[in-house]
DNA sequence: AGCAGTTAGTTTGTACCTCGCACAAACTTA
DNA sequence: TAAGTTTGTGCGAGGTACAAACTAACTGCT
């Protein structure tokens, strides 16, 4: 029997494969799972289960993961010996009888994670324990239009101040940055509001100075990971984090994995179009979501409606004034949340994730803003029977979620948390 | 040491986990990879590599997959004995010297796959070989507003006519259907243009009559799988299939997997909003993409512009007339393709898949339509440095891609392939 | 107090999978 | 004809998960 080298029934103009070399270790696009890798994978998944569910006994973990108890013992024992995990006191089991379970969780004294949050003009650094605790926070400011060397100096100094407070060498450093990030190459592509960062190969720089694994990703993705780790996204397999403020952005958790396009692209929701030939956007196009759902829009409307101090209007203030009886505030809030809802609707129609965690300005509006947005989304979306859409705000300080998320980025790359 | 049952640093209003029970075998959300599953996974991946790359020798497969040659032998040998794969003649190797390679590929005489394409008013059935060949095509029509029993009778009859021509019992039956599909439960939720199908538990019905595994999914997802299998999506890890016609829809191939939301949701792109408070859509909302990029829009515009026979205007006709020098056709084509581009732009901003395969009406417009859409997308998207966006049309008959895709759906569920 | 019943965690042996090594087979080149 | 190269196949080693059987610890009933 003789095969044609390229089967005749394969049509289509595009050359097969070859274009995208993928991030695989080899050039191929299919990778088999090796036996040895299996151990690392399952080790990672057990840790993931602990992240998702908090302290759990071996037996519970076995049930959660659907494997034999002995398997869990084999996985966790070395980790206990390595002092990564600790065994808690026998907890009063909820079931009657039987030997009480010994819950396992991360050792608070295990090495920590370095985290950096880089926003236009400010640097925040901290240490994050595997238990989620945040320590040794440091802050600094930098000149957004200044000198690269000056920035690197400030960054190094701030980070050193934080890292020096660690008892042991951290597992690594995670950086969350505003702007457009190439997470594959570890460089900042562009940050509109901070030109000094343009093209900065930050991962290489930090790796060299601190001799630790360094990862970088963009701000919304860090929020996503933070949500997933200790926020409303905990244990969820599918949800999105949406950031609103001066700009809009998002990130997705899909089928138990952080979605990351080529070079860490994806989630640039601010410039999806919701109004063909609409208002001019900063990006030069028209009708971007950002032109109707970001703070600049809100403030322009506030000015038009003669609000006092329109430049300091926020969702939080609108909610407060509406609660105090201001009809104008209530109406503007309704329009604002409706405009925000459109972006979520388009996301829902596309990916149907069903669960959205809000950050940034609208999160300041708390439950009321979330509920308004939810109502608008429900009205605007084509629902399936029985489908429920959840909109939550992560009320905890922005910085903390993003910093935890930055730390979480390290973990997922360091520990092969997911296949 | 004593752990708090719910760590204090876990905030957020949403109850952790519990809500979504996920499709996992167990209730848990994390599943470890078991030893035995590993075999199945790797077997599937080897087959995947054959799908992606066509006939390959064991040594090539080993290189592609990054594993030892002996491993491939171990995986492949039982499949050859089962007559699923066959060894081809020693091919003239492209390298000099050495033992000539024996390429492996699917046995054309292996059991085939049953495929059904269900569109409003018509049923198409066929057999698909593992090599992609289509045989025993049968067609029938049914009354879209008729009786359920009558439909089932027609369906059974047509499918029987096709399946009876198979030499051996097929591996299973794959159904691609228009409308909203619950692929988890195997039911058709709604098909606007064919009310007779509403709520039909088609998988259960066919499974009972034919005693074969049956899977169902919606039309765009079948197109996606068809593209991936033998079309422009072959070997790609990330791309989208977009269907335009009376309605708009899409499906995504993300990180080497078909994206499928809860119960097979996702990809309902037609009702994403591109024009806030725009024209009224069939769905009752305003400004859906479908109101500006589907055939009804095109025909209304054609009528407004006094085109002859406006109700039979298609993209193909516009391209033809534009090529023949009609300025009016050229302008309408430009507006049409621009409107189509907006949906792709939003997809690109969201997921950044970079590669789009068009089906349906715009595919009829061929390379010219694809190029116009590509130009509009390029203009409307916020590009990253070095990013390239590919827009292709799958010129092959719609039916064939969808039918192959339907067959592919069976494979991915039956053989744990990750098509 | 004692025993049955139940659950947690461990020990031991088994089955399975991939890998590296060695080797035969088959072809090219000089 | 000999050397070199590549393909494909046994075989043992190493690692992983699983099942069965065991010990530990606690509850509840008699």
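Just round it to a whole percent: the fraction of Cα-Cα distances in the range A:195-293 exceeding 15 Å. Walk me through the intermediate numbers first.
On the way: 3345 of 4851 pairs.
The calculated P(r) of the range A:195-293 puts 69 percent of pairs beyond 15 Å.
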With the crude spin-label approximation of a point 7 Å out along Cα→Cβ, what separation in nm comes out for residue A:367 versus residue A:211? 5.2
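Percent antiparallel among DSSP beta bridges with both residues in the range A:28-180, to the nearest 5?
Details: 17 of 22 bridges.
Around 75 percent of the beta bridges assigned by DSSP in the range A:28-180 are antiparallel ones.
Can you give the translational diffusion coefficient of the range A:71-205 in µm²/s, computed by Stokes-Einstein from the Kirkwood radius over Cα pairs at 4 °C and 1.567 mPa s?
Details: Rh = 17.3 Å.
Reported coefficient: 75 µm²/s.
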List the distances, in nm to one decimal, from the label point of residue B:414 to the label points of the same position in every other copy, shortest first, placing each label point 7 Å from Cα along the Cα-to-Cβ direction. 4.6
Taking the convex hull of the alpha carbon atoms in the range B:53-120, what volume per residue do you get, in Å³? 137
No solvent, one uniform scatterer per C-alpha: report log10 I(q)/I(0) for the range B:341-419 via the Debye equation at q = 0.13, 0.15 1/Å, two decimals. -0.51, -0.64
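Please report B:351, B:262, A:223 as a ranked list, fewest other C-beta atoms within 10 angstrom at the top and most at the bottom. Don't jump to the answer; show the numbers that get you there.
Working: B:351 23, B:262 19, A:223 31.
Ascending Cβ contact count within 10 Å gives the list B:262, B:351, A:223.
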If the label for residue B:193 sits 7 angstrom from Cα along the Cα-to-Cβ line, what are its distances to the same label in every other copy, in nm to one decimal, shortest first? 4.8
Highest-fluctuation residue, A:272, A:312, A:34 considered, GNM on chain A with Cα pairs under 10 Å: A:34
quick note, chain A, DSSP beta bridge pairs, % antiparallel (nearest 5) is 60
Please work out the Cα center distance from the range A:94-150 to the range B:180-208, rounded to the nearest Å. 49
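Tell me the mean residue ellipticity at 222 nm calculated for the protein assembly as shown from its helices only (DSSP H runs of n ≥ 4, each -39500 (n - 2.57), averaged over every residue, nearest 500). Each step should come with its number before you reach the end.
Numbers: 26 runs with 322 residues, N = 838.
That comes out to -12000 deg cm²/dmol.
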Based on other C-beta atoms within 10 Å, arrange B:190, A:314 from fewest to most. B:190, A:314
Specify the residue with the greatest mean-square fluctuation among B:377, B:33, B:86, computed from a Gaussian network of chain B linking alpha-carbon atoms under 10 Å apart. B:33
Note: probe point = Cα of residue A:204 + 7 Å toward Cβ; backbone nitrogen < 15 Å; residues of the range A:171-187 passing the test are A:182-187
How much of the calculated P(r) for the protein assembly as shown lies past 36 Å, in percent of all Cα pairs? 50
Could you work out the relative contact order of chain A, using alpha carbon pairs under 8 angstrom and six or more residues apart, expressed as a whole percent? 14
Max mean-square fluctuation residue, GNM over chain B, Cα-Cα springs under 10 Å, options B:171, B:239, B:307: B:307
Cβ-Cβ FRET estimate between residue B:136 and residue B:70, R0 fixed at 56 Å, reported to 0.05: 0.90
If one puts a single equal scatterer on every Cα of chain A and applies the Debye formula without solvent, what log₁₀ I(q)/I(0) results at q = 0.06, 0.09 Å⁻¹? -0.29, -0.65
Residue A:324 and residue A:90 label points (each 7 Å along its Cα→Cβ direction) are spaced in nm at 5.9
The range B:130-155 residues near the modelled residue B:193 label - backbone nitrogen below 15 Å, point 7 Å along Cα→Cβ: B:141-145
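Order of A:271, A:219, B:376 from fewest to most other C-beta atoms within 10 Å?
B:376, A:271, A:219
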Take every DSSP beta bridge whose two residues both sit in the protein assembly as shown, then give the antiparallel share in percent to the nearest 5. 60
Evaluate E = 1/(1 + (r/R0)^6) for residue A:63 and residue B:414, where r is the Cβ-Cβ distance and R0 equals 30 Å; express this FRET efficiency to the nearest 0.05. 0.55
Mind listing the label-point distances from residue B:367 to the same position on all other copies, shortest first, one decimal in nm, points 7 Å along Cα→Cβ? 6.2
For the range B:227-356, the spread of Cα positions along each principal axis, largest first, Å: 46, 35, 22
At residue A:102 and residue B:156, where each label point lies 7 Å from the Cα along Cα→Cβ, what is the point-to-point distance in nanometres? 6.2
Quick one: if the Förster radius is 35 Å, what FRET efficiency do residue B:168 and residue B:143 give, using the C-beta to C-beta distance and rounding to 0.05? 0.55
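Read the figures in this text as sums done on the coordinates, not as results from a lab. Please read all numbers here as calculations on a predicted model, not as lab measurements. When we count neighbours, we look across all protein chains shown, and the Cβ atoms used for this are built from the backbone with ideal geometry, even at glycine.
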